[in-house]
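Engineer: Structure in structure tokens, see below.
Read-outs: derived from the displayed coordinates by stated rules, not from any lab. If you're wondering where the values come from, they're calculated on a predicted model, not measured in any experiment. In this analysis, Cβ positions are derived from the backbone assuming ideal geometry, glycine residues included, and neighbour counts consider all displayed protein chains.
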Amino acid sequence: MFRNRHAAAEGLAAALAHLKGEHPLVLAIPRGGVPMGRVIADALEGELDVVLVRKIGAPGNPEYAIGAVSEDGSVHMEETAREYRDDWIAREVERQRELIEERRRRYTPVRSPIDPAGRIVVVVDDGSATGATMAAALATLRQRGPARLVAALGVAPPDTLARLETLADEVVCGEVPERFGSVGRFFADFDQVSDDQVVALLEAGRDGRPTG
């Protein structure tokens with residue numbers, strides 16, 4: 001179990017130390033991935049932004065992803081989505097697209113998303129059960145021509161990592177438990193991250209202010 005997201009991120013940063021000096025672009029999946037992304041970007045002397053992907057949770061179990069929506073509008077559905085009604089999925093996709101637009105306006109109101117083309121890109125999340133959200137982020141970013149695409153997660157089960165290894169050039173993960181359950185059970189402190197915290201973390205490090 002990790003003490004908190006900061007501790008998990010320190011371990012990932014150590015595993016990615018070979019990227020220091022390459023000025024990687026660290027793209028965190030909000031909201032839980034952003035505190036970890038800040039730690040990793042600082043450790044690797046990189047740049048931090050967000051990649052906006054929203055999971056589509058199963059009815060009655062929103063933490064279990066049956067798909068994901070990316071900021072470019074693309075939709076990535078899991079095989080399990082066939083169990084649910086098309087009209088319900090369509091409404092949920094539209095709702096998540098609206099939330100993505102709202103988050104972009106809030107998180108980076110005075111600039112465009114940082115272009116990943118030609119960059120070493122590290123996509124960060126605190127963890128993943130099915131891999132749907134991370135997979136959607138990787139698939140979307142691959143189309144934008146990064147020089148290298150890396151997935152970094154605090155915790156994920158083995159089958160999820162095997163899937164992500166087909167989409168990324170490198171995958172690093174802090175814990176790979178056979179029995180998973182949920183991401184939160186592997187963190188002693190797994191408090192919710194607010195939008196205000198995300199904005200502060202994105203702004204930190206841009207003007208020399210401490211980021212701790």
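Engineer: With label points built 7 Å along Cα→Cβ from the Cα atoms of Tyr84 and Asp196, find their separation and express it in nm.
Structural biologist: 3.1 nm
Engineer: Select from Ala204, Ala168, Leu19 the residue farthest towards the positive end of the dipole of the chain; place +1 on Cβ of Lys and Arg, -1 on Cβ of Asp and Glu, and compute about the Cα centre.
Structural biologist: Checking the options against the dipole of the chain, the answer is Ala204.
Engineer: Arg97 versus Ala139, label points 7 Å from Cα toward the beta carbon: distance in nm?
Structural biologist: The modelled label-to-label distance comes out at 1.6 nm.
Engineer: Order by neighbour count: Thr108, Thr133, fewest other Cβ atoms within 10 Å first, most last.
Structural biologist: The fewest-first ordering by Cβ neighbours comes to Thr108, Thr133.
Engineer: With a 10 Å Cβ neighbour count serving as the proxy for reagent exposure, in which order, fewest first, do Leu138, Leu19 appear?
Structural biologist: If I rank by nearby Cβ atoms, fewest first, I get Leu19, Leu138.
Engineer: Based on the Kirkwood radius over alpha-carbon pairs, what value in µm²/s does the Stokes-Einstein equation return for the translational diffusion coefficient of region 33-80 at 4 °C and 1.567 mPa s?
Structural biologist: Approximately 103 µm²/s, per Stokes-Einstein.
Engineer: In addition: Can you give the convex hull volume per residue for the Cα atoms of region 30-109, as a whole number of Å³?
Structural biologist: Spelled out: Cα convex hull of region 30-109, divided by residues, is 106 Å³.
Engineer: Let me ask something else about it. Just round it to a whole percent: the fraction of Cα-Cα distances in region 5-203 exceeding 31 Å.
Structural biologist: 11 percent
Engineer: For region 151-192, what mean projected area does the convex hull of the alpha carbons give, in nm²?
Structural biologist: The directionally averaged projection comes out at 3.2 nm².
Engineer: Same structure, new question: When Rg is the radius of gyration of the Cα atoms in region 112-198 and Rh is its Kirkwood radius, what does Rg/Rh come to?
Structural biologist: Result: Rg/Rh = 1.00.
Engineer: While we're here: Treating only the Cβ of Lys, Arg, Asp and Glu as charged (+1, +1, -1, -1), what charge dipole size does region 21-157 show about its Cα centre? Round to the nearest 20 debye.
Structural biologist: In debye, rounded to 20, region 21-157 gives about 220.
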